[in-house]
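Read the structure below first, then the notes.
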Amino acid sequence: MIEHFFARVNERGRVELKGDVVTNFKKLKLVRDEKITFAAHLLFGNPDTAIRIGRFKSKATIIDDIVLSGPLYPLVDEAMTHIKKHINLPYHFDGNVQRKERWQYPLEVIRELLLNSIVHRDYKYASDIIVKIFDDKIEFTNPGTLFGRLSIADLQRDDYVSSLRNRLIAEVFYLTGDIERYGTGFVRIREVLQDYPEIEISMEEFADFFMVVLQIRGPSTQATPQATPQAMSEILRILRVLEKPLGRQEIQDRLGLQDRKYLRKKYLLPALEAGFIELSIPDKPNSPNQKYLLSEKGRMEREKQKKLSKDNKND
């Protein structure tokens with residue numbers, strides 16, 4: 001991880017790192033008076049910090065939840081991987097023969113907001129950075145209000161001057177090229193969102209937290225998710241076995257599957273995302289007592305499939 005960081009810094013060319021780890025850390029002020037700084041511990045050590053990512057169908061219904069913890073330097077990439085699992089990647093045509101991928105939310109904006117959460121959060125608070133993904137919005141909440149005299153009104157201007165609470169952490173991501181210049185993050189976000197007129201961004205401070213929301217205007221483009229034919233085939237298998245609420249192991253046994261992760265990725269999550277099944281304990285998705293049951297949509301689809309099967313037999 002540290003060697004990867006040195007390589008990225010040298011590739012970017014903003015500073016040259018040729019020494020060993022201690023020498024390079026001293027050059028970056030991550031080691032002072034022969035001691036590792038708190039910033040170095042957060043970035044490359046084993047800090048007690050985390051990013052919690054949840055996929056919600058409503059304010060009270062969570063269908064997926066993961067906590068990513070560990071050194072901050074690789075945490076952004078890990079968080080991006082999990083967020084991309086829960087946002088759409090539809091295709092669009094721009095007049096050419098080739099179709100183009102266009103994520104539901106621009107990935108560079110999501111990455112920028114994750115970086116802002118890590119760089120600007122207040123680490124004296126034990127709370128996690130929280131990312132909540134809904135059908136029609138994503139909320140990013142990090143501990144700590146805006147630093148110094150910076151205000152939300154300032155962030156909405158293109159000439160605002162950033163106030164850095166964690167200068168060494170910001171410097172590390174600047175040297176790798178993740179941050180272009182201090183105080184330009186929200187300017188870049190607004191520039192990218194010009195190509196996404198259906199998305200609006202809002203900011204809010206409350207208690208000791210700062211929140212940014214990406215909201216899709218109008219009816220949600222994900223309100224009625226359409227499962228792919230392959231996913232639908234696997235969803236129908238779940239509908240057939242859910243004659244009553246079942247736990248994960250019971251479903252796995254009835255489907256004859258060996259891999260727990262495969263069941264979750266290929267069967268449970270698609271069925272939950274598409275609204276065919278529900279959780280018996282929606283506010284605690286990882287509860288050992290969790291069971292899965294048919295939703296109204298799932299019951300209707302199950303009856304539809306039964307009727308189709310009966311009609312086919314009669315034919």
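The values are calculated or read from the model by the stated rules, or taken from the named source; none is laboratory data. These numbers come from a predicted model, not from an experiment. Backbone-built Cβ (ideal geometry, glycine too); neighbour counts: all protein chains shown.
Of the helices (runs of 4 or more DSSP H) lying entirely inside the range 188-296, those carrying at least 3 residues that are at pLDDT below 90 and within 24 Å of Val131 (Cα to Cα) are 269-273.
I'd like the full set of residues that are closer than 27 Å to Ala79 by Cα, surrounded by 12 or more Cβ atoms within 10 Å (Cβ to Cβ) and out of contact with any strand residue (DSSP E or B) (no Cβ under 8 Å at 6 or more places or on another chain), limited to the range 30-46. Reasoning before the result, please.
Residues of the range 30-46 closer than 27 Å to Ala79 by Cα: 30, 36-46.
Among the residues that remain, those that are also surrounded by 12 or more Cβ atoms within 10 Å (Cβ to Cβ) are: 30, 36-45.
Scanning the range 30-46 gives Ile36, Phe38, Ala39, His41, Leu42, Leu43, Phe44.
Taking the condition outside any loop (DSSP other than H, G, I, E, B) and modelled with pLDDT under 90, does Asp159 pass? Spelling it out, it is not the case that Asp159 is outside any loop (DSSP other than H, G, I, E, B) and modelled with pLDDT under 90. When the residues of the range 69-104 are filtered to those that are among the aliphatic types (A, V, I, L, M) and surrounded by 11 or more Cβ atoms within 10 Å (Cβ to Cβ), which remaining residue is modelled with the lowest pLDDT? Only one residue tops the list, namely Ile87.
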